[in-house]
Structures are given as C-alpha cells and as structure tokens.
Amino acid sequence: MLKVIKFFYSIWTVLSFLLLTIPMMIGYLLLKSVPYQKQINGVYVINRSAIFIWSIFTGMRYKIRGLENIVKDQTYVVVVNHVNAADMMATAYGQRVNAKPLVKRELTLIPGLGQLFSLMCLPVDRSSKEARSASKVRMLNELKQGISVLIFPEGTRNRSMHPLLPFYDGAFELAIDAQVPILPVVLTNIRKINRVDTLLVQPGTLEITHLPAIETRGMAPDQVQELKQRAFDEMAAYIRRHDDYFIKMATQQQ
C-alpha cells in the first residue's frame, strides 16, 4: 500500500512541476528585455517563487545553512554535489548565490524542459576538444561579467555508497583561470527523498549548506589538483558528519 502511495505521489511531483514550467518559461522570456547582467537575478526570483509554490503542493521543506559564508556581490564558481533529481529543486530554491548552472547540451533537447534549460543555463558541449574549449571561453566570459556559475563537479548523479564521486577538473581550472573563489555547497539527506534503489520519491526536507569559500587568488594552473582535493575533502567530510545515510553506515561498520 505504501509503495502505491509513493508511486502516485511521485507522479504528482513531476506533473505539478511540469505545470509550473509554463509560467516559468513566460517569465524567462520576459527577462530577455532587461540587461543581461540582471537576467540571472530575475531567473532566481522566478525559480524560488515557483519551487516555493511547488513545495506547498508536494510537502517538500528546506533547511538552508551557511548564508554567513556568502559575500554579497562576490563572483563565485559554485560546486554542488549531485545525488538525484531533487538536487534541481534544492539548488533552485536553497542555493543562495545567483549562479548560472552548467548543463549538458543534450538536456536542452528535451521537449519543454529543454527550452527552460536553454533560457536559464549555460549549455556545455563535450562532443569534441574544440567544443569543450568554446564552452570554457563562454564560462570565463560569464565570470568576467560578474556572473557566478554553478557546476556539479562529479559530472553525474552519485548513486554509489560513497559521499562523493571523483571530481572532474573543469570547475577548478575555471576558478583558477578567472581568479574567483570556489564556493562549496553541500546537499544532505537527499537520499531520504529518493533512495538510490528506486525512482519513487517521498516528501521530506532538502538540506542545503554553503561551506566557507576557498580562495584562488594567486593560485597557478598547476595547483588545480590541490584545489580540487581540498574542495572534495571538505565536502565529503561535511556529508559524513551530517547525512544520516552515511552516519548510519559508519555506525554499522564500527
């Protein structure tokens, strides 16, 4: 019986979100009339308003921490761990740096959602070395204009029994090239909402924590691995201490 309830609840979370994409897309299109630098702020106003409404109808709640670690008007490369589909809701509402997310170009081809991704995100083409280089130039240009970017450094959802998957270099190369800080943002207890062994979801609390920024001023390109490892270690340590899934796992192994 519980599984049946979760099935219909899961369908409702998707349908209710898809209904909201219509006014969201209209809002994004209207933002095209304002200066580019202000568009991302408008996107987050739309996102947070839409996800707030969605949360009322789905029973989702949010716990946001670490706002004191955000410096107003500072440009960041924001790195977030990637767990499941609930990450999109958590970052859209709870991640409080107005950053432009990177998405795979393939996601912009999804009917409906693809148009949303194209309007609010930076599509990244990884099909060739030339395409990856062009994508990096676009990201650097965004940072030079004072627009933060948001990257999932694991590259894919973490369905493993480890706090994090290995990070790719891209976010950290970008931060050093632009000489802007890395802001680690950690999502915890997301697995309670969507377990790794099922597509079904259930209501719960999405926890979003902004860790202290990691400065990159003065760092050279040959320090990418050092920067990447520091961000990885700090995020993994926080997850082990605050995510019930990994706390329980550690207790069972003792």
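The residue that is surrounded by the fewest Cβ atoms within 10 Å (Cβ to Cβ), counting only those in the range 213-239 that are of a type in the set (Gly, Ala, Ser) and in contact (Cβ under 8 Å) with a residue 40 or more places away in the chain, is Ala220.
Within the range 199-242, being closer than 21 Å to Tyr93 by Cα, outside any helix (DSSP H, G or I) and at pLDDT 95 or above holds for Glu207, Ile208, Thr209, His210, Leu211, Pro212, Ala213. Starting from the range 196-212, take each residue that is more than 27 Å from Arg96 (Cα to Cα) and list its partners that are open to solvent by 60 Å² or more (accessible area, probe 1.4 Å) and outside any loop (DSSP other than H, G, I, E, B), counting only C-beta distances under 8 angstrom and pairs at least six apart or across chains. These pairs meet every condition: Leu200/Lys3; Leu200/Phe7.
Let's see how each residue does on (1) farther than 27 Å from Gly155 by Cα; (2) buried (at least 18 other Cβ atoms within 10 Å of the Cβ); (3) in contact with a Gly (Cβ under 7 Å, 6 or more places away or on another chain); (4) without any contact (Cβ under 8 Å) to a residue 60 or more places away in the chain:
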site: Thr13; (1), (2), (3), (4): no, yes, no, no
site: Ser33; (1), (2), (3), (4): yes, no, no, yes
site: Ala50; (1), (2), (3), (4): no, yes, no, yes
site: Gln74; (1), (2), (3), (4): no, no, no, no
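In the range 134-177, of all residues being open to solvent by less than 30 Å² (accessible area, probe 1.4 Å), assigned to a helix (DSSP H, G or I) and within 19 Å of Asp73 (Cβ to Cβ), the one that is modelled with the lowest pLDDT corresponds to Glu142. Of the candidates Gly59, Gly42, the single residue that is small (Gly, Ala, Ser) and open to solvent by 20 Å² or more (accessible area, probe 1.4 Å) is Gly59.
The values are calculated or read from the model by the stated rules, or taken from the named source; none is laboratory data. Nothing here was measured: the structure is a model prediction, and the numbers come from that model. Counting neighbours? That spans all protein chains shown, and the Cβs are built from the backbone with ideal geometry, glycine included. To get the accessible areas, we keep the full protein, side chains included, count just its heavy atoms, and leave off ligands, DNA and RNA. Shrake-Rupley method; radii C 1.70, N 1.55, O 1.52, S 1.80 Å.
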